[in-house]
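Beneath this line is the structure, given in structure tokens, with notes to follow.
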Amino acid sequence: MTTILRLPSSPSNANSVLSRLYQSTPALLLPVIGLLMFLAIWNGVAKSIDTSLGQFPGPAQVFEQAGALVDEHVAQREKADAFYQRQEARNAERIAQDPTYQPKIREFTGAPTFFDQIWTSLYTVMVGFFIASVVAVPLGILCGLSKSAYTAINPLIQLFKPVSPLAWLPLVTMVVSALYVSEDPAFSKSFVTSAFTVSLCCLWPTLINTAVGVSNIEKDLINVSKVLRLTPFAHLTKIVLPSSIPMIFTGLRLSLGIGWMVLIAAEMLAQNPGLGKFVWDEFQNGSSESLARIMVAVLTIGAIGFVLDRLMLSIQRAVSWDKSSVLR
């Protein structure tokens, strides 16, 4: 008689699932705990602060005003749609009476909503950041590869790096007003002023980090390039760029964060369209709802800055050759 022994099923699979859940629990719970603690402290402190515009808004008041801003945006879009529908109807009627009539499409001139201001600021900072990156990365590579170029450019870097955006803004405004003259400009002067102010202020972190990353390439990689007799272009694309990507993206992330901060300050000071102008207009408005609306803008600015940083981190992970490196 054959005896069949049944061994108990291995609990390794269940243990591995429980282990993964246990390891991921802090990553999920700790941010939630931190957020709840922040909201509780904010709510408690807000009740004890009285300003000239009333009590400082707590989370509930800010959430209420966020909903009001959404409703205002929807209402403004409905007004714009109705305006264009009436315009189309009038033009159709006019064409029916006079087939030779050339209709004119007029733009809706309603006040920009909170979401319009968000889009304006995002578009401006990305253009300014792009201009700065196009200049800073090649210049940083040149400085990293050539000691002579670095020695020549470094004094200029150290001279202009500490300059505040508030100092650049009047100069950029005057230069743009003098040079950007057109009867039908492709971009408004306010947009050009803000974008170039952002570029001037977020240029330096990318330039410096790129130069450091290129100059610190491992000697073994440089020797391999010499042994293989790589052309200058192949050396740049196969050795220099892959090795310096971590430092380049560190600079890009710093530059984007600085550019976002600079833009809000520039919009507030110059009254250029964007989130900065929204904050300043609400401060000048002085209504009982202004503080809560400003807090909505502050939280939005922070959230957008966080998303932009995570976006740059995702791009870095996609282009980095070392997929095992820990990027945060």
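The values are calculated or read from the model by the stated rules, or taken from the named source; none is laboratory data. As the structure is a prediction and not an experimental result, all values here were calculated from the model. Counting neighbours? That spans all protein chains shown, and the Cβs are built from the backbone with ideal geometry, glycine included. Ligands, DNA and RNA are stripped out before the accessible areas are found, and what is left, the full protein with its side chains, is counted by its heavy atoms. Shrake-Rupley method; radii C 1.70, N 1.55, O 1.52, S 1.80 Å.
The single condition among (1) farther than 30 Å from D116 by Cβ; (2) modelled with pLDDT of 85 or more that V62 does not meet is (1). One residue stands out in the stretch 161-184 among those that are open to solvent by 70 Å² or more (accessible area, probe 1.4 Å) and under 27 Å from the mean Cα position of the chain (by Cα): the one that is nearest to L241 (Cα to Cα), namely K161. The residues on offer are A111, A132, and the sole one that is assigned to a loop (DSSP other than H, G, I, E, B) and within 25 Å of the chain's Cα centre (by Cα) is A111.
Filtering D81, D71 for residues that are over 25 Å from S287 (Cβ atoms) and assigned to a helix (DSSP H, G or I) leaves a single hit, D81. Among the residues of the stretch 229-240, those that are assigned to a helix (DSSP H, G or I) and exposed (fewer than 12 other Cβ atoms within 10 Å of the Cβ) comprise P232, F233. The number of residues in the stretch 112-137 that are open to solvent by less than 70 Å² (accessible area, probe 1.4 Å) and of a type outside the set (V, I, T) comes to 10. Residues in the stretch 260-282 that are farther than 12 Å from I304 by Cβ and small (G, A, S): A265, A266, A270, G276.
Which one of the conditions (1) surrounded by 12 or more Cβ atoms within 10 Å (Cβ to Cβ); (2) in contact (Cβ under 8 Å) with a residue 12 or more places away in the chain does I105 fail to meet, given that it meets all the rest? Failing condition for I105: (1).
Among the residues of the stretch 1-34, which ones are open to solvent by 100 Å² or more (accessible area, probe 1.4 Å) and at pLDDT 60 or above? If the condition is that a residue be open to solvent by 100 Å² or more (accessible area, probe 1.4 Å) and at pLDDT 60 or above, then R20, Q23, L28, L30 are the ones that fit. Can you pull out every residue in the stretch 44-64 that is assigned to a helix (DSSP H, G or I), open to solvent by less than 90 Å² (accessible area, probe 1.4 Å) and under 19 Å from A297 (Cβ atoms)? Matches in the stretch 44-64: A46, P59, A60, Q61, V62. Filtered by the rule that a residue be in a helix (DSSP H, G or I), of a type in the set (S, T, N, Q) and open to solvent by 50 Å² or more (accessible area, probe 1.4 Å), the stretch 245-303 gives T250, Q284, N285.
Evaluate the stretch 313-328: report whether one residue or more is aliphatic (A, V, I, L, M), in a helix (DSSP H, G or I), open to solvent by less than 40 Å² (accessible area, probe 1.4 Å) and closer than 30 Å to Q117 by Cβ. Yes, some residue in the stretch 313-328 is aliphatic (A, V, I, L, M), in a helix (DSSP H, G or I), open to solvent by less than 40 Å² (accessible area, probe 1.4 Å) and closer than 30 Å to Q117 by Cβ. For the stretch 281-289, the criterion of a residue being touching a Pro at 6+ places or on another chain (Cβ under 7 Å) and in contact (Cβ under 8 Å) with a residue 60 or more places away in the chain is satisfied by no position.
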